[in-house]
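The values are calculated or read from the model by the stated rules, or taken from the named source; none is laboratory data. Model, not experiment: these values are computed from the prediction. Reconstructed Cβ throughout: ideal geometry from the backbone, glycine too, with neighbour counts over all protein chains shown. These area figures cover heavy atoms from the full protein model, side chains too; ligands, DNA and RNA do not enter into them. Shrake-Rupley method; radii C 1.70, N 1.55, O 1.52, S 1.80 Å.
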Amino acid sequence: MMKQILYWTQLVYDNWKLFMAATSNGLCYVGSQDKPFEEMEIWVKKHYPGSQLVQDVTEMQPYVDEFKEFFQGKRNSFTIPQELKGTKFQTDVWNALCKIPYGETWTYSDIATVIERPSAVRAVGAAIGANPVLLTVPCHRVIGKNGKLTGFRGGLEMKEQLLKLEQGNHINR
């Protein structure tokens, strides 16, 4: 079997710093705010064993451009290709996340209802936690039933920043 190449770069824009990686098919990983290269490296070894990480700014430019537009408030959805590896349940959850409108939030129960598994709220939470592409699959838009911010791979501070960014830009539209 041929070794797969994963291209990567670090997006640095304004106060945002995160690593991202893509296969030839699309974006497959977006890291947490201010986390080290090792976070991405560990994820790649687990999900793409034997693959090679190659830093390539040119290959990653279309992804970086859309992320910058998102952070500038010029983009509220992503059109870049993605390659998401997960179980059928996980991909159902990730697809449901993509239905949450920009600037809005849903609860874990809302997602469970959308995928027609209303009693699978905990499993939905686990699938959301396994989301490999922060922002493009907007898991930051999921909050607790009580309206509180709940767990987020990127940390609650990053989640809060993203929601504020969207709500601030949503009002201006």
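Test N146 against the stated conditions and say whether it is of a type outside the set (S, T, Y), without any contact (Cβ under 8 Å) to a residue 60 or more places away in the chain, touching a helix residue (DSSP H, G or I) at 6+ places or on another chain (Cβ under 6 Å) and not in a helix (DSSP H, G or I).
no
Could you list, in sequence order, the residues of segment 94-136 that are part of a helix (DSSP H, G or I), closer than 28 Å to E69 by Cβ and not hydrophobic (A, V, I, L, M, F, W, C)?
N95, D110, G129
So which residues in segment 149-173 are more than 21 Å from D92 (Cα to Cα), open to solvent by 50 Å² or more (accessible area, probe 1.4 Å) and in a loop (DSSP other than H, G, I, E, B)?
L149, N172, R173
Mind counting the residues in segment 85-100 that are modelled with pLDDT of 95 or more and open to solvent by 30 Å² or more (accessible area, probe 1.4 Å)?
Going through segment 85-100, the residues modelled with pLDDT of 95 or more turn out to be 87-100.
Remaining after also requiring open to solvent by 30 Å² or more (accessible area, probe 1.4 Å): 87-92, 95, 98-99.
Of the residues in segment 85-100, 9 are modelled with pLDDT of 95 or more and open to solvent by 30 Å² or more (accessible area, probe 1.4 Å).
Residue by residue through segment 102-148, note down the ones that are open to solvent by 60 Å² or more (accessible area, probe 1.4 Å), over 19 Å from N76 (Cβ atoms) and within 18 Å of the chain's Cα centre (by Cα).
A126
Would you mind listing the strands (runs of 3 or more DSSP E) fully within segment 5-84 where at least 3 residues are open to solvent by less than 70 Å² (accessible area, probe 1.4 Å)? Break it down stepwise before answering.
On the way: elements: 5-13, 16-23, 26-30, 52-55.
Passing ranges, in order: 5-13, 16-23, 26-30.
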